[in-house]
1. What do you reckon, how do 409, 25 stack up by accessible area (1.4 Å probe), largest on top?
2. Express in nm, to one decimal, how much length is gained between residue 189 and residue 274 on full extension, taking 0.36 nm for each residue of separation and deducting their alpha carbon distance.
3. Measure out, as a whole number of angstrom, how far apart the alpha-carbon centroids of the range 366-427 and the range 101-124 sit.
4. Have a look at 103, 416, 232 and report the one farthest towards the positive end of the charge dipole of the chain, computed about the Cα centre with Cβ charges (Lys/Arg +1, Asp/Glu -1).
5. Show me the ranking of peptides 331-342, 13-24 by mean Cβ neighbours inside 10 Å, starting with the highest.
6. Over the chain, with a Gaussian network built from C-alpha contacts below 10 Å, which listed residue (240, 160, 407) shows the highest mean-square fluctuation?
7. For the chain, what are Rg and Dmax over the alpha carbons, in angstrom?
8. Provide the solvent-accessible area of residue 367, counting protein heavy atoms only and rolling a 1.4 Å probe, rounded to the nearest 10 Å².
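The values are calculated or read from the model by the stated rules, or taken from the named source; none is laboratory data. Owing to the predicted nature of the structure, the values given are computational and were not obtained by experimental measurement. Here the Cβ positions follow ideal geometry from the backbone for every residue, glycine too, while neighbour counts run over all protein chains shown. Ligands, DNA and RNA are excluded from the accessible area calculation, which covers all protein heavy atoms including side chains. Shrake-Rupley method; radii C 1.70, N 1.55, O 1.52, S 1.80 Å.
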Amino acid sequence: MSDITPTKERNITTAYSYYLFALLFLLYFFNYIDRVIVTSLFPFVQKEWGLTDTQCGLLVSVVYWSIVGFTFPASLFVDRWSRKKTIGIMALIWSIATGACAIARSFTQLIITRMMIGIGEAGFAPGGTAMLSGLFPAEKRSRMMGFWNISIPLGSAVGIALGGVVAEQWGWRHAFGLVALPGAVVAILFFFIKDYKTVELMKTVDSSQTNKSQIKMSKMDIAREFINTPSLILTNIGFIGCIFANNAILTWLPTYFHRTENIPMSQAGMKTGLVMMLAIVGLPLGGWLADLWFKKRVSARLLLPAITTAINAAVVFIAFFFLEGKAQYIMLLVMGMVSSAFAPAAITVTQEVIHPGLRATSYALCVIIQNLLGAAMAPLVIGALSDAYGIKTALSVLPLFLIFSSIIFFAGSLFYARDLSKVEKIALEWGD
């Protein structure tokens, strides 16, 4: 089971690999601040424009719909043109769009600026994932995915906590303006890094009984990479329930605390931020356990997500059905840690069972599925259920989505070893 990007064939230093990792981390951090800060601004925007919960949910969902619409074409630029240029341009777009939210004068204008944030963010996750997969060998890949994805809960926590505080002190528009600039600065730095050369879409064929040769992949060959890889298909489906539940919590937990405990939105945001922050434990722990188990059992890449997602379902069920007050909050803190543990290994699957020249495209497909059916639906579905039945009842349905994902991940684990053995082994060449 050889690494498709052997360390000895990389012409970048270990120190430079971690420098690139740091830039990718910062961009993902600012990405999520810009994406989620609006959730802690809901009461302020509702007061100014008289919005319903469903309309507030739309401010989140529109970002994910834009990501769904643009992530695939953006991933093609990543795989076939340049990771650093695509990522840099996209980061500038989402930062400028975040700043534009501060000058929106109507709900429609705010929807448009939020849509532009999604267009900007569409190419980052596929491009960053592809670059990160090329930076580190297989035995470290899940844990580095885990460390990289720490930026998501950190950015989410900062965005939620900062938004409420700034809005209470200076108004909700200032919150958008404050967080727009840092991402733009890091985006500019990205244009000056090294990138690996575009991987030619070639496949190995047997030209005789003793010789093998390389030929260019046809469109049908590329399609087969995706449709003939069951573990990849099931992993993408498994993401749906996990991302639905996580985005529902991210979007509506501040409102839940605000309404059920009658506390200010700034305090509710702080409480939610702490819940989300505990993913800084769950993400690297999940990645480390996946890599450790992977050395003994290849299917661990999907068995671990199956187990941790089932545990998360039980935790969420207990929290909303049986507990209140401090006991419930303690259980939600446990959820904050467990809910993210599936991600490092599951993301790694999308990179390891596909041709190295299609890595960004592979994760783009995952992003489309998880956002279209998971992240984008959660704010609207939970918002509509909240309007009809109350916020607690709305959040109580989440364990069903998690059980579904756990079963799907387990099914994917049955095919993973076979799918991994079929992947082309190609070393990446890094340059300017």
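1. Accessible-area ranking of 409, 25, largest first: 25, 409.
2. 27.6 nm
3. The range 366-427 and the range 101-124 have Cα centres spaced 25 Å from each other.
4. Going by the charge dipole, the pick is 416.
5. The most tightly packed comes first, giving 331-342, 13-24.
6. Top of the fluctuation ranking is 407.
7. So, for the chain, Rg and Dmax equal 21.2, 75 Å respectively.
8. 10 Å²
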